[in-house]
Ligand SMILES: *Cc1c(COP(=O)(O)O)cnc(C)c1O
């Protein structure tokens with residue numbers, strides 16, 4: 001279970017298991033699992049896919065996973081015969097129980113388990129526009145992992161858990177997500193702190209890759225198309241990597257699903273890079289700021305560009321108003337609330353249909369990356385996390401953390 005080597009995508013060289021980077025270039029690392037065929041284990045949540053996760057143990061309480069189901073409502077609206085939805089959120093009527101309502105719950109569980117297995121007593125540093133912070137806060141509170149979260153002030157209202165928070169420091173950063181990332185990058189290099197690694201962390205990617213594993217094992221085959229709204233594009237890379245493994249498994253078909261990635265213009269660096277266009281000036285407010293990462297892992301070996309090229313993929317630039325209409329259409333036709341980001345993915349699906357890029361009978365997987373925030377309030381109390389301090393410069397964060405220790 002969970003036996004693997006870690007290799008650089010660029011040159012195939014084997015690296016120490018907990019590396020986050022390659023010695024010769026900026027390539028991503030990738031796990032190569034010993035089990036060529038995916039066994040499904042009798043374990044809760046994503047841990048059933050343990051064969052293809054870079055961990056040996058599990059966090060049993062972190063038992064959320066994607067739910068793949070065949071759409072009726074939205075499929076009818078869009079005239080599609082084989083539309084499948086990967087629902088990542090809280091919707092118990094559909095079997096979905098992700099505790100913080102986004103697919104970041106998938107990454108947090110594997111990352112924290114891997115950190116436990118690695119040993120040591122470092123404090124984990126996470127920068128987030130909201131959903132990642134919530135997911136890590138939740139799982140870290142279950143395991144007792146010390147955690148420092150850097151979150152833009154504006155995202156504070158999104159930082160809640162459904163279990164009592166433990167061992168957390170929440171630092172509000174004036175500015176946007178990028179400013180929060182910059183501060184975290186300074187802090188995480190100091191003794192006693194460890195970075196979570198973002199797209200470079202194989203535990204994050206293979207945790208997210210379970211979206212595709214769940215879909216393929218539910219459908220009995222790989223879908224033809226995969227739609228997702230992206231910020232960093234890590235979910236797209238993960239879907240591609242999972243597809244490569246499933247193809248190699250031999251039981252799920254040999255065609256890699258085409259990646260259809262969606263960004264919210266004008267804050268859409270992946271979209272402009274893929275189209276070879278000059279980026280438009282960015283905008284302060286956007287439909288969902290979790291979709292704005294200023295430095296996505298686009299052109300590095302094993303990154304978003306490689307994933308798009310390998311799968312004959314496409315990137316869509318979606319406006320706020322298109323996303324808004326698409327989100328409403330989804331909520332009305334599927335009868336569950338979703339986050340704004342997946343509304344962008346639904347809009348991309350509409351565009352692809354109009355462009356003839358998908359056929360009505362193609363097997364399509366639509367990743368609803370977050371939803372059920374309204375639904376979960378009916379069942380659980382919410383613990384709103386309060387910032388321990390608000391800062392504008394990284395030196396203030398270091399000072400605060402030193403004064404506290
Ligand atoms: C993080 C996030 C995304 C974008 O994910 P990538 O890391 O760019 O793949 C999309 N939707 C939601 C709800 C998210 O939290």
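For the pair residue 359 and residue 405, label points projected 7 Å from Cα toward Cβ lie 6.0 nm apart.
Could you calculate the FRET efficiency of residue 278 with residue 310 from 1/(1 + (r/R0)^6), where r is the beta carbon distance between them and R0 is 30 Å, rounded to 0.05? Efficiency computed from Cβ-Cβ geometry: 0.70.
Annotation: Cα Rg of segment 270-359 relative to the compact-globule expectation 2.2 N^0.38 Å equals 1.17.
Here the contact order of the chain, divided by its residue count and restricted to Cα pairs under 8 Å and six or more residues apart, works out to 20 percent. Relative to one another, the C-alpha centroids of segment 297-329 and segment 219-262 are positioned 13 Å apart. Gyration tensor analysis over the Cα atoms of the chain returns equivalent ellipsoid semi-axes of 30, 24, 22 Å (largest first, whole Å). Would you mind classifying segment 135-286 by shape? Square roots of the alpha carbon gyration tensor eigenvalues, ordered a ≥ b ≥ c; an a/c under 1.5 is rounded, otherwise it is prolate if a/b is larger than b/c and oblate if not. Oblate is the answer for segment 135-286, as a/c is 1.5 or above yet b/c matches or exceeds a/b.
For the chain, modelled as a GNM whose springs connect Cα atoms under 10 angstrom apart, the maximal fluctuation among 291, 40, 246 occurs at 40. Calculated mean residue ellipticity, 222 nm, the chain: -10000 deg cm²/dmol, from DSSP H runs (n ≥ 4) at -39500 (n - 2.57) each, averaged per residue and rounded to 500. The length gained by stretching the chain between residue 332 and residue 390 to full extension, at 0.36 nm per residue less their Cα-Cα distance, is 17.0 nm. For a paramagnetic label modelled on residue 36 (point 7 Å from Cα along Cα→Cβ), amide N atoms under 16 Å away belong, within segment 236-258, to 244-254. The GNM of the chain, with springs linking C-alpha atoms under 10 angstrom apart, assigns the highest mean-square fluctuation among 103, 193, 136 to 193. The ranking of 24, 260 from fewest to most other beta carbons within 10 Å of each one's beta carbon is 24, 260.
With contacts taken as Cα pairs under 8 Å and at least 6 residues apart, segment 293-405 reaches a relative contact order of 19 percent. Taking square-rooted eigenvalues a ≥ b ≥ c of the alpha carbon gyration tensor, is segment 30-99 rounded, prolate or oblate, where a/c under 1.5 means rounded and, failing that, a/b exceeding b/c means prolate? In terms of gyration-tensor shape, oblate. Of 238, 21, the sequence from fewest to most neighbouring Cβ atoms within 10 angstrom is 21, 238.
Using a cutoff of 8 angstrom between alpha carbon atoms and counting only pairs six or more residues apart, the relative contact order for segment 207-250 works out to 53 percent. Taking 362, 51, 320 as the candidate residues, the one with maximal mean-square fluctuation in a Gaussian network model of the chain, Cα springs under 10 Å, is 362.
Rule-based calculations on the coordinates, nothing more; no lab input. Computed from a predicted structure; not experimentally measured. With ideal geometry, Cβ positions are generated from the backbone for all residues, glycine too; neighbour counts draw on all protein chains shown.
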